[in-house]
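One structure below.
The values are calculated or read from the model by the stated rules, or taken from the named source; none is laboratory data. None of these values were measured; they are calculated from a predicted model. Every residue, glycine as well, gets a Cβ built from its backbone with ideal geometry; the counts of neighbours run over all protein chains shown.
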Amino acid sequence: IQLTSDSASYIIGGVYLEDNLGTLFSGKKSNILLTPSFGIGVYEDGNGKQLGSNIEFRSSFEISYQLESKNRIGLSVGHISNANITDKNPGVEMLSLSYQIPFN
């Protein structure tokens, strides 16, 4: 679930693929992870940006660093749009910084 200060909301479900960049490029595991993702969700604009549809798609790429505690610090870029299923499709780009705590 994503919320904005303009009362917009986005509820999304999707898939992601996580890969270790060290293993991917050199065959040796590192603390740097790549996580591309894709999802579809329901968007309500509230007083926020009108994206042209209540159905919106999101794609993103995240690079994160895994600490010794297994927590992570990540940076991601993403895009939300309705993939031209309506005439209006302004889309929105996101840049996010995250701190993640695993529950396993």
### Task
Can you give me the number of residues within the range 1-25 that are part of a loop (DSSP other than H, G, I, E, B), more than 12 Å from the chain's Cα centre (by Cα) and modelled with pLDDT under 90?
1
### Query
All but one of (1) surrounded by 13 or more Cβ atoms within 10 Å (Cβ to Cβ); (2) over 16 Å from the mean Cα position of the chain (by Cα); (3) of a type outside the set (G, A, S); (4) within 25 Å of F103 (Cα to Cα) hold for D45; which doesn't?
(4)
### Task
Restricting attention to the range 27-48, report how many residues are more than 13 Å from G91 (Cα to Cα) and outside any loop (DSSP other than H, G, I, E, B).
12
### Task
Tell me which residues, restricted to the range 2-37, are under 22 Å from R72 (Cα atoms), in contact with a Gly (Cβ under 9 Å, 6 or more places away or on another chain) and loosely packed, with under 14 Cβ neighbours inside 10 Å.
G13, G14, V15, Y16, K28, K29, N31
### Task
For the range 82-90, indicate whether the set of residues that are of a type outside the set (G, A, S), more than 21 Å from E44 (Cα to Cα) and surrounded by 14 or more Cβ atoms within 10 Å (Cβ to Cβ) is non-empty.
no
### Message
Tell me the residue from F57, F25 that is under 22 Å from I1 (Cβ atoms) and hydrophobic (A, V, I, L, M, F, W, C), please.
### Response
F57
